[in-house]
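**Q** Pasting in a structure now, in C-alpha cells, and then I'll have a few things to ask.
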Amino acid sequence: MRTHCSGSVILFSMRDDNELVERWVRRGRKAFVVQRQAGGGEMMVLKEGRRSTQIGWIHLLPATFEGRARANVQNALAAAAAAHAAGAHLHDIRQGLRSFHPSFHEAPGRLNMFELHGVKVIVDYAHNPHGLEMAGDFVERLTAPGVNGPEPGRRIAVIATPGDRRDEDMRELGRVAARVFDDLIVREDANPRGRRRGEIAQHVMEGIKAATESRVRYAEVIIDERPAIDAALRRARAGDVVLLCVDKPADTWHDLEARRALPVSPA
C-alpha cells in the first residue's frame with residue numbers, strides 16, 4: 001500500500017530479531033518491536049537505524065494483562081506505530097498506552113474481564129477462528145499452574161460465529177475451541193444471516209468432534225445467548241476461567257453485574 005500513501009511506513013513486530021524488520025531498520029526506517037530484556041521482562045522499543053528508544057514495559061500496559069494477552073500486545077504495537085506516524089509525541093504515546101484499560105466502558109466486547117465469586121469471566125466478540133485462537137491463548141496463560149493458585153482452573157467457553165461465514169470456517173472454530181477448552185457451549189447469534197436455526201451450531205459441533213489433540217470433556221448446543229451463558233456460569237467454580245463470546249456485550253455485562261450482587265449459592 002505504500003505506493004498509494006504519502007506517509008512513511010512504520011513496521012511493528014512481536015520479535016526483535018524479525019529479519020524483515022532488521023533490514024528495514026538498517027535502511028534508516030522505523031519499527032516498533034517487543035524486545036526481551038537481559039534482566040527479564042519485555043519492553044516495547046522504537047528502532048530507527050542504530051538508535052533504539054524504550055517506550056514502556058509490556059507488563060505495565062493495562063490492556064496486555066501483564067503481557068498475557070498477546071493479541072493486545074500486538075494491538076499496542078500497532079497503535080503506537082500509527083500514533084507515531086500521525087505525529088504524536090512519544091511521551092503522549094506512552095501515556096496513552098499506560099492509561100488505556102480494556103474495560104467494558106472503554107472497549108465493550110474486547111477482552112473485558114469480570115470477577116464473579118472467584119471465577120474469571122472474559123467477555124469478548126471472538127467470532128472467528130483466529131480471534132478465538134488469540135482469546136484461547138490468553139485463557140491458557142490465565143490458567144497456567146501458579147497463576148490462580150497451585151491447581152489450574154478449568155477452561156469454559158460459550159462460542160458462536162456469524163451465519164455468513166463458510167461452513168468450513170465454522171468447523172474450524174470448533175476445532176480451535178476443542179484444543180483449548182475443557183467445557184464448551186455452542187450458541188448462535190439472534191440474526192442467523194440466512195442460515196436455518198441450528199445449522200451454524202451443527203457445523204461448529206462437527207469441528208469440535210473432529211478436532212485432533214482435543215481437551216474438551218463436555219460440549220452441548222444451547223442456541224440462545226442468555227441460556228447458554230447461564231449454563232456456562234453454572235458449571236464454573238472458583239479458580240475457573242469462563243470465556244463468553246457474545247453477540248450483545250452490554251446485556252451480558254449488566255447480567256454479570258446483577259449476578260455479582262446475589263449471594264453465592266452452595267456448590
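The values are calculated or read from the model by the stated rules, or taken from the named source; none is laboratory data. Keep in mind that this is a model prediction, so the values were computed, not measured. Ideal geometry is used to build each Cβ from the backbone, glycine not excepted, and the neighbour counts take in all protein chains shown.
Residue-wise test of (1) farther than 30 Å from R155 by Cβ; (2) surrounded by fewer than 18 Cβ atoms within 10 Å (Cβ to Cβ); (3) of a type outside the set (S, T, N, Q).
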{"position": "H4", "(1), (2), (3)": "yes, yes, yes"}
{"position": "L20", "(1), (2), (3)": "yes, yes, yes"}
{"position": "R27", "(1), (2), (3)": "yes, yes, yes"}
{"position": "E48", "(1), (2), (3)": "yes, yes, yes"}
{"position": "T53", "(1), (2), (3)": "yes, yes, no"}
{"position": "A71", "(1), (2), (3)": "no, no, yes"}
{"position": "L90", "(1), (2), (3)": "yes, yes, yes"}
{"position": "I93", "(1), (2), (3)": "yes, no, yes"}
{"position": "P102", "(1), (2), (3)": "no, no, yes"}
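**Q** May I pose another question? Considering D169, D189, which residue is assigned to a loop (DSSP other than H, G, I, E, B) and within 20 Å of G131 (Cα to Cα)?
**A** Within the list D169, D189, the selection yields D189.
**Q** Now for a different question. Could we say that S103 is assigned to a loop (DSSP other than H, G, I, E, B) and either at pLDDT below 95 or out of contact with any Gly (no Cβ under 8 Å at 6 or more places or on another chain) (or both) here?
**A** yes
**Q** Let me confirm something: among D247, D240, D169, D230, which residue is without any contact (Cβ under 8 Å) to a residue 60 or more places away in the chain, within 24 Å of A69 (Cα to Cα) and surrounded by 14 or more Cβ atoms within 10 Å (Cβ to Cβ)?
**A** D169
**Q** For residues in the range 107-138 being in a helix (DSSP H, G or I), of a type outside the set (A, V, I, L, M) and within 10 Å of the chain's Cα centre (by Cα), which is surrounded by the most Cβ atoms within 10 Å (Cβ to Cβ)?
**A** Checking each candidate, the answer is F138.
**Q** Right, something else. Checking A31 against (1) free of Cβ contacts under 8 Å to residues at least 60 places away in the same chain; (2) in a helix (DSSP H, G or I); (3) over 21 Å from E140 (Cα atoms), which single condition isn't satisfied?
**A** Failing condition for A31: (2).
**Q** Right, next: Of all residues in the range 224-253, how many are of a type outside the set (A, V, I, L, M, F, W, C) and in a strand (DSSP E or B)?
**A** Here the count works out to 0.
**Q** Follow-up. Enumerate the pairs (first residue in the range 1-21 and in a helix (DSSP H, G or I); second residue anywhere and among the small types (G, A, S)) with beta-carbon separation below 6 Å, excluding pairs fewer than 6 apart on the same chain, so at least 6 apart or on different chains.
**A** Hits for this filter: V21/S13; V21/A31.
**Q** A further question follows. Has the range 206-223 got any residue that is assigned to a helix (DSSP H, G or I), basic (K, R) and within 15 Å of R259 (Cα to Cα)?
**A** No - not one qualifying residue is present in the range 206-223.
**Q** Does the range 197-212 contain any residue that is modelled with pLDDT under 95, over 29 Å from H254 (Cβ atoms) and assigned by TED's automatic domain parsing to the domain that holds V123?
**A** Looking for residues that are modelled with pLDDT under 95, over 29 Å from H254 (Cβ atoms) and assigned by TED's automatic domain parsing to the domain that holds V123, one finds at least one in the range 197-212, hence yes.
**Q** Any idea which of V34, V9 is buried (at least 17 other Cβ atoms within 10 Å of the Cβ) and over 27 Å from V121 (Cβ atoms)?
**A** V34
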